[in-house]
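Heads up, the thing below is written out as structure tokens.
Rule-based calculations on the coordinates, nothing more; no lab input. Bear in mind the structure is a predicted one, so any value in this text is a computation, not a measurement. Cβ placement follows ideal geometry from the backbone for every residue including glycine, while neighbour counts extend to all protein chains displayed.
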2 protein chains.
Amino acid sequence: MIRVPKVSPYSAETIAVGSELLVGGRSDSNSLFITERLAEIGIEVRFKTIVGDQESAIASVLSTACRRAGIVIMTGGLGPTVDDCTREAVAAVTGCRLVRRKEALIGMKARLAQWGRTPNRAQLRQALVPTGATVLPNPVGSAPGFTVKWRGAQVMVLPGVPSEMRPMMEQSVKPLILARLERLKGTRPQPVTRTVFHTWGLPEAEVDARLKGLITKATPVALGLLASPTGVLVSLTTQSDRSVKAVVLSRLAEKVRTRLREWLYAEGQETMEEVVGQLLVEQQRTIAVAESCTGGLISHRLTQVPGASAYVDRGAICYSNRAKTDMLGVPVSLIEQYGAVSRQVAQAMATGMRERAGTSVGLSTTGIAGPGGATETKPVGLVYVGLDGGVGEPITKEFRFHGDRSVIKQRSSQAALDLLRRWLLERRQV
Amino acid sequence: MIRVPKVSPYSAETIAVGSELLVGGRSDSNSLFITERLAEIGIEVRFKTIVGDQESAIASVLSTACRRAGIVIMTGGLGPTVDDCTREAVAAVTGCRLVRRKEALIGMKARLAQWGRTPNRAQLRQALVPTGATVLPNPVGSAPGFTVKWRGAQVMVLPGVPSEMRPMMEQSVKPLILARLERLKGTRPQPVTRTVFHTWGLPEAEVDARLKGLITKATPVALGLLASPTGVLVSLTTQSDRSVKAVVLSRLAEKVRTRLREWLYAEGQETMEEVVGQLLVEQQRTIAVAESCTGGLISHRLTQVPGASAYVDRGAICYSNRAKTDMLGVPVSLIEQYGAVSRQVAQAMATGMRERAGTSVGLSTTGIAGPGGATETKPVGLVYVGLDGGVGEPITKEFRFHGDRSVIKQRSSQAALDLLRRWLLERRQV
């Protein structure tokens, strides 16, 4: 029943070695870098494995990887301490002895000499490499990497420190893989291309329904959907021939844009705050933000963008009712009549902010982020967003979000920035 | 040569399913949560695997996992869309048919009914479960999980959405594993205990030097260090006998505290903003924050803590010079004389904020987050933090941070909150 995928010279697996990666709350960022670099030369990473610093466990993972991938890239476990045992595990799997290699030693000594040091006993271990392996020089640190062939797979072993691993990927690993591909008969693999679309405001099922029938079995493109608190992400991934790809992808991307319409707020690496920032720059508008339930998150996001000082004038975080009155001039009577979490107060906050700051736009949020603060009529997750652009009536919108305090803050900030984005887009069309 | 570890009923593997996790730049945060919950009941996660949405690849990974782990926890690929094929892969590996299960359907219908909906055709697929599997109810979303035994391993399949996976881990997975351990003869494994200490203000090498000699070869405890933009994390991990553990760990923890002194700001899951919040509550003080370079991040962090409205009164994000004058009363002449990024302006911002808000404390930041904005005398990363507590002289501190815009904002917010923490601690001792 089990259809285990065969080794393909064009598919890869990454193995991250390190007990900290299993328990430490640290994510394996190396593997994402490796995946991107390999995609550029048409190599798809199909599996990622994380394993602790036990020789037998590393050996088990490596031997599995060699069965299912043509290229195996291991990071970590090459340091000088006793718990670093990647080289021993590779030697065990491949049945090779570890020998001290002159070229490894020379590179290490040269590196340490730059820092005015000579290798100590622990560091000398780092010059050990399995017999038959090729040493991969480390242009930054003292531990060299190495590469060895095993059962049709090319195993590349690199240090886990990102600043050492990254140049080694570029300078050693990529050229070696390209040379390997040259030697292989048959067509060279095409670079993997991935186009990403970011949406806000539609449930995942609705995005799915809108994209129905877009991809047929014959289309050499994979469609992916991913829901998160800040919206649903849509991806198109392909590895087909370059000429086909350009045509097919641009046609599909156009269809995605048409079907997702104004719910599509960004593409690729772009963020909501960058999109909003570009629109503000383009229209030479400035903004001030008055936040209650989002507590500063909208201002924080807007100011993550380099150059934001050109359009972000100020922000007011008005957690207390008195702050809403002091900083924005929201009438005490309005808060008493409707409550701080109300459409009326959201509007008064946006207008007060815009007028006091003298900016083109005032944007506001007021809501109940929870877990406390709910009343019978106003549940946790009830959020109002207000926008005053100085022309026409101010806009307010009501939302009812689910999730914990942090998620409600995130979704509220996304909703407010999206309201601003749509408002700015309408102004552009005028 | 290869010593493949045998299946242990006490070891686990996590499998995260989703092509997005391979390429999308999104880290697999689920596996860290699962690792922590399993450690509490003595189960060690020894392998983590990430695999894309291909049925054959998922099947391959699952069958490997069942060979090397006693407990396999899969997340993701249970959604309603076509690329969700985890249940098909499990059925293929175990040789079971997929059948629609009444208990799965009832739970799903009940959930959807709460939202005023009925299951559509795609969602009905989510009630499919391999024959012989036990349904694991999903108290939050529509897709149930399930568990099935295969070759001595207990395979648990959960949705990938963290808010659904987490309660299912607590309510279904942990009790099931505990029951399984009860049935197994022999000694129950000891819970893995991990104590974490958070420091700010010391370089990693300095933390390392301070902890030197703390752990000897005979100590059944592992010491870990991990540097990040918000400080260096220290961990003590042990799985020894309960009585030994309590004594050894508490003695070691006390030594860590003594050696790290006031640089230690939190332990365990606690965050800097929670520590500061508790001190404010305890001392019945209120706070207002005036932010320039941090752009709202400090207020955002303070208001991430439930109940923050008891002590956070307001915040002012003063990106423009005019905002500093308008909102905080910083004299135009002061900005002209010393520049907006200066010790003098940081102090005026803190004092102005405190006086205008009428809070116990005013906290401020002004700096150059980059990449633009540097001058010959003021480089990117130059940051001033100010604190006015109404008694005694206001405090200001100068920092020179490295990193990109986002890192400089993070470090600045951490430095400001730490200054506040130390100030509050001094008040407590008086």
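A few points about this structure:
- According to the Cα-based calculation, Rg over Rh for the stretch A:11-183 is 0.94, with Rh computed by the Kirkwood formula.
- From most to least packed by mean Cβ count within 10 Å, the peptides A:140-152, B:359-371 give B:359-371, A:140-152.
- Compactness of chain B was expressed as the Cα radius of gyration divided by 2.2 N^0.38 Å, which yields 1.21.
- Shortest first, A:Gly116 label-point distances to identical copies amount to 7.4 nm, with the label point at 7 Å from Cα along Cα→Cβ.
- Rel. contact order, % - alpha carbon contacts under 8 angstrom, at least six apart, the stretch A:113-157: 25
- Average other protein chain Cβ within 10 Å of Cβ, residues A:192-199: 1
- Hydrodynamic radius of the stretch B:272-429 by the Kirkwood approach over all distinct alpha-carbon pairs: 15.2 Å.
- In nanometers and ordered shortest first, the copy-to-copy spacing of the A:Glu36 label point, defined 7 Å from Cα toward Cβ, is 2.8.
- Chain lengthening between A:Asn321 and A:Lys378 when straightened (0.36 nm per residue, less Cα-Cα): 18.8 nm
- Projected onto their three principal axes, the Cα atoms of the stretch A:377-430 cover extents of 39, 21, 12 Å, largest first.
- Share of Cα-Cα pairs in the protein assembly as shown lying beyond 44 Å, as whole percent: 34
- Mean Cβ count within 10 Å, highest first, over the residues of peptides B:167-179, B:315-327, A:248-260, B:210-222: B:315-327, B:167-179, A:248-260, B:210-222
- Other protein chain Cβ atoms within 10 Å, averaged over every residue that makes up A:219-232: 3
- Counted by neighbouring Cβ atoms within 10 Å, the residues A:Arg427, B:Arg356, A:Arg97, B:Arg301 run from fewest to most as A:Arg97, A:Arg427, B:Arg356, B:Arg301.
- Rounded to 5, percent antiparallel among DSSP beta bridges of chain A: 60
- Cα-based helix-to-principal-axis angle, B:242-260 vs chain B, degrees rounded to 10: 20
- With a cut-off of 10 Å between beta carbons, the residues surrounding B:Gln347 carry a summed charge of -1, where Lys and Arg count +1 and Asp and Glu -1.
- Calculated diffusion of the stretch A:280-322, Stokes-Einstein form, Kirkwood radius summed over Cα pairs, 25 °C and 0.890 mPa s, µm²/s: 223
- Taking other C-beta atoms within 10 Å as the exposure proxy, B:Ile41, B:Ile73 rank B:Ile41, B:Ile73 from fewest upward.
- Virtual paramagnetic centre 7 Å along Cα→Cβ of B:Leu112, amide N under 20 Å, in the stretch A:194-219: A:202-213
- When every Cα-Cα distance of the stretch B:147-206 is counted in 10 angstrom steps from zero, the calculated P(r) takes the values 16, 31, 27, 15, 11, 0 percent.
- Ordered by the number of other Cβ atoms lying within 10 Å of each residue's own Cβ, fewest first, A:Cys85, A:Cys96, B:Cys293 fall into the sequence A:Cys96, A:Cys85, B:Cys293.
- Overall form of the stretch B:92-201 per C-alpha gyration tensor (a/c, 1.5; a/b vs b/c): oblate
- The mean count of C-beta atoms from other chains within 10 Å of the C-beta of residues in B:307-316, rounded to a whole number, is 6.
- Spatial offset of the stretch B:62-132 relative to the stretch B:287-339 amounts to 50 Å, using the alpha carbon center of each.
- Translational diffusion coefficient (Stokes-Einstein; Kirkwood radius from C-alpha pairs) of the stretch A:99-159 at 10 °C, 1.306 mPa s, in µm²/s: 134
- Calculated on C-alpha atoms, the gyration radius of the stretch B:182-270 divided by its Kirkwood radius gives an Rg/Rh of 1.04.
- Reach of A:Lys102 by Cα under 21 Å, taken over lysines that are not fewer than 8 positions away in the same chain: A:Lys149
- Gyration tensor analysis over the Cα atoms of the stretch B:263-303 returns equivalent ellipsoid semi-axes of 19, 15, 8 Å (largest first, whole Å).
- When its C-alpha radius of gyration is set against 2.2 N^0.38 Å (N residues), the stretch A:5-110 gives a value of 1.12.
- Calculated label separations, B:Thr219, copies of the chain, 7 Å along the beta-carbon direction, nm: 5.8
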